[in-house]
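Asks: Here it is, the structure in full.
Quick note: the coordinates plus some simple rules give every number you see, no bench work behind them. The shown structure was predicted, so the numbers you read here are calculated from the model rather than taken from an experiment. Cβ atoms come from the backbone with ideal geometry, glycine included; neighbour counts cover every protein chain shown.
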Amino acid sequence: MKKFIIIAIAVIILGAIYLYWGNNSLTVSRYKVSPENLPESFNGFRVVQISDLHNKDFGGRLIKKIEKLEPDIITITGDIIDSYHTKPEIALEFAENAVKIAPVYYITGNHESRLKDIYPEFRKTLEKLGVTVLDCRGVTVEKDGGEIFLAGMDDLTFFGSSVLNENTIVYEEKLNALAAEKGGRTGILLSHRPEIFDTYVDSGFDVVLMGHAHGGQIRLPFVGGILTPNQGFFPEYDAGIFRSGKTSMIISRGLGNSLFPFRIGNRPEIIVCELNSEM
Ligand SMILES: [Fe+2]
């Protein structure tokens, strides 16, 4: 009996250590993409993507890690705050430190759309800190005489639905308008949800950066993610890179948690997407 209790306690302690490590130790995933018409000056251009922070406080480790990655720009792909345990000060502190490293571009997720009371003020504060909010608009990013187009969409839920339907026609119109504005330039699109991959492919953006899926929250070897919002069990678009036509979609597993309080086999992830003229 005594032996059984000792083994049970050891299992509980090891399990707790594993859970803590799996939810607090940061991992970096690196991707290289070769978009069409990439200006020579953008060869090696490094985009660091942060997604789904959900108010998670890494106590300065996240910022230190990003700094070491020497990004040319930092992109935040939604759910930086969480609608169930809203602590905007954590996200704002992160933004305040991130803008000291590189230009920061931000889009909303579904959690921001639920926080109608605080989001307008939160957004104003982000902008005051120097973050560029890409609310269905694009900007030209220049480097040594070359330029690319960087655009961002608000989450679908800002348009009244979490799926594409007759209510979200405006979403598609805005995305198509951005694709037209991109023209023949290399285009990077920030959007929150990966499950409408085909829509992004149709838009003709070269690189699309996504979050929302949290890697399926629990990841099993050889299986991948278990469950994501809007895709259900064993989702197709849970993490990693997907290619179709000229479009490469990178899905971040994100950093924090929302209603389900932990990740298993799915450490918090920072994405580095490097643009290359050719590979
Ligand atoms: Fe989300």
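Asks: Could you tell me how many of the residues in the range 161-200 are of a type in the set (Gly, Ala, Ser) and buried (at least 20 other Cβ atoms within 10 Å of the Cβ)? If you could, list the steps in order and put the result at the bottom.
Replies: Going residue by residue through the range 161-200, those that are of a type in the set (Gly, Ala, Ser) are 161-162, 177, 179-180, 183-184, 187, 191.
With buried (at least 20 other Cβ atoms within 10 Å of the Cβ) added as a condition, the list becomes 187, 191.
So the answer is 2.
Asks: Moving on. Limited to the range 201-260, what total is found for residues that are among the hydrophobic types (A, V, I, L, M, F, W, C) and surrounded by fewer than 20 Cβ atoms within 10 Å (Cβ to Cβ)?
Replies: Of all residues in the range 201-260, those among the hydrophobic types (A, V, I, L, M, F, W, C) come to 201, 205, 207-210, 213, 218, 220, 222-223, 226-227, 233-234, 239, 241-242, 249-251, 255, 259-260.
Filter once more, so that each one left must be surrounded by fewer than 20 Cβ atoms within 10 Å (Cβ to Cβ): 201, 218, 220, 222-223, 226-227, 233-234, 241-242, 259-260.
Adding up the residues that qualify gives 13.
Asks: Can you tell me how many residues in the range 84-106 are within 23 Å of PHE260 (Cα to Cα) and in contact (Cβ under 8 Å) with a residue 40 or more places away in the chain?
Replies: Of the residues in that region, 2 qualify.
Asks: So which residues in the range 62-103 are within 13 Å of the chain's Cα centre (by Cα) and within 19 Å of LYS128 (Cβ to Cβ)? Talk me through it step by step, then tell me what you get.
Replies: As a first pass, look at the range 62-103 and keep what is within 13 Å of the chain's Cα centre (by Cα): 74-81.
Once the filter is applied, which keeps residues that are within 13 Å of the chain's Cα centre (by Cα) and within 19 Å of LYS128 (Cβ to Cβ), the range 62-103 yields ILE74, ILE76, ILE80, ILE81.
Asks: Tally up the residues in the range 54-94 that are more than 16 Å from the ligand (Cβ to nearest atom), under 16 Å from THR125 (Cα atoms) and surrounded by fewer than 23 Cβ atoms within 10 Å (Cβ to Cβ), please. Outline the logic, then answer.
Replies: Taking the range 54-94 first, the residues more than 16 Å from the ligand (Cβ to nearest atom) are 57-74, 87-90, 92-94.
Remaining after also requiring under 16 Å from THR125 (Cα atoms): 87-90, 92-94.
So of that shortlist, the ones also surrounded by fewer than 23 Cβ atoms within 10 Å (Cβ to Cβ) come out as 87-90, 92-93.
So the answer is 6.
Asks: What is the residue count in the range 96-117 for residues that are in contact with a Gly (Cβ under 6 Å, 6 or more places away or on another chain) and assigned to a helix (DSSP H, G or I)? If you could, list the steps in order and put the result at the bottom.
Replies: Keep residues of the range 96-117 that are in contact with a Gly (Cβ under 6 Å, 6 or more places away or on another chain), which gives 99, 107-109.
Those still in the list that are assigned to a helix (DSSP H, G or I) too: none.
Number of matching residues: 0.
Asks: Which of the following residues is more than 16 Å from the ligand (Cβ to nearest atom) and either surrounded by fewer than 17 Cβ atoms within 10 Å (Cβ to Cβ) or not aliphatic (A, V, I, L, M) (or both): PHE149, PHE158?
Replies: Numbers: PHE158 fails: more than 16 Å from the ligand (Cβ to nearest atom).
Going through PHE149, PHE158 in turn, the sole match is PHE149.
Asks: Name the residues in the range 97-121 that are within 16 Å of the ligand (Cβ to nearest atom) and not charged (D, E, K, R), would you?
Replies: TYR106, ILE107, THR108, GLY109, ASN110, HIS111, SER113, LEU115, TYR119 - these are the residues of the range 97-121 that are within 16 Å of the ligand (Cβ to nearest atom) and not charged (D, E, K, R).
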